[in-house]
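Engineer: For reference, the structure I am asking about is given below.
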């Protein structure tokens, strides 16, 4: 989508959280959204049965330093391949070709199959400045079985250095216990659970039976968003859970 340049204005809270420069000096990066689509030979029509499609839409940022560009591509590819470790070192095109080839092999072995396969990842730019790029990668896929799948993973990078931006880069030491506390409050609210409800009895499985935030998070203007994918802490039927911790809840620990 040429020309789909996006400038996101970050609030003072987020810029001060990253803590590298004043908001007035921070510059949003420009980018275009790029889509790569790979299909079975002959293409997929609306009435196609024996067909596989692989599609990824992601931001292509302008004027990044070579090392930062290389790192961002690596992180984007990893977010796409997260549920398939064998594809971790592949490019987007290689992942797409492998996906279609796997379907073709499956179809050759089981010609009676009447269901096509699909994989689609759409990236969203959550934060965009010259000190932080935070992306979410939402993937939908189906490769047979009773149901398809849906996952969300995040990419957080300092575009000046190419370094990954982690919680410890934006929060002061000792934040872990506090952020888990407010995270649990937000989790219970999202799941409509009372403070007295036993998480295990409600179907949620956490290490040692105690709530803990995971390492799957992104940075938004509103706060830090965490995402628990299906099967991660609960059966598929219970679905995923998104938890947003507002910046105002983290004032004490913001750098």
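Engineer: Return a yes/no flag: does segment 89-111 have any residue that is in contact with a strand residue (DSSP E or B) (Cβ under 6 Å, 6 or more places away or on another chain) and at pLDDT below 90.
Structural biologist: Looking through segment 89-111, none of the residues is in contact with a strand residue (DSSP E or B) (Cβ under 6 Å, 6 or more places away or on another chain) and at pLDDT below 90.
Engineer: Another one. Pick out the one residue from 202, 210 that is modelled with pLDDT under 95, over 20 Å from residue 152 (Cβ atoms) and over 18 Å from the mean Cα position of the chain (by Cα). Please lay out each step first, then the result.
Structural biologist: Numbers: 202 fails: modelled with pLDDT under 95.
After applying the criteria, what remains is 210.
Engineer: Also, quick follow-up: Which count do you get for residues in segment 225-254 that are surrounded by 12 or more Cβ atoms within 10 Å (Cβ to Cβ), part of a helix (DSSP H, G or I) and touching a helix residue (DSSP H, G or I) at 6+ places or on another chain (Cβ under 9 Å)?
Structural biologist: 4
Engineer: OK, next. The conditions are (1) in contact with a helix residue (DSSP H, G or I) (Cβ under 9 Å, 6 or more places away or on another chain); (2) at positive phi; (3) assigned by TED's automatic domain parsing to the domain that holds residue 63, and residue 153 fails exactly one of them. Which is it?
Structural biologist: All conditions pass for residue 153, except number (2).
Engineer: Quick one: in segment 54-87, of everything that is at pLDDT below 95 and in contact with a helix residue (DSSP H, G or I) (Cβ under 6 Å, 6 or more places away or on another chain), which residue is surrounded by the most Cβ atoms within 10 Å (Cβ to Cβ)?
Structural biologist: 81
Engineer: Turning to a different aspect of this structure: Six or more apart or on different chains, Cβ under 6 Å: which pairs go from a residue in segment 37-58 that's in the same structural domain as residue 117 (by TED's automatic domain parsing) to one that's surrounded by fewer than 16 Cβ atoms within 10 Å (Cβ to Cβ) and modelled with pLDDT under 90? Could you list them?
Structural biologist: From residues that are in the same structural domain as residue 117 (by TED's automatic domain parsing), the pairs are 49/114.
The values are calculated or read from the model by the stated rules, or taken from the named source; none is laboratory data. Bear in mind that the values here come from a model prediction, so they are computed numbers and not experimental data. Ideal geometry is used to build each Cβ from the backbone, glycine not excepted, and the neighbour counts take in all protein chains shown.
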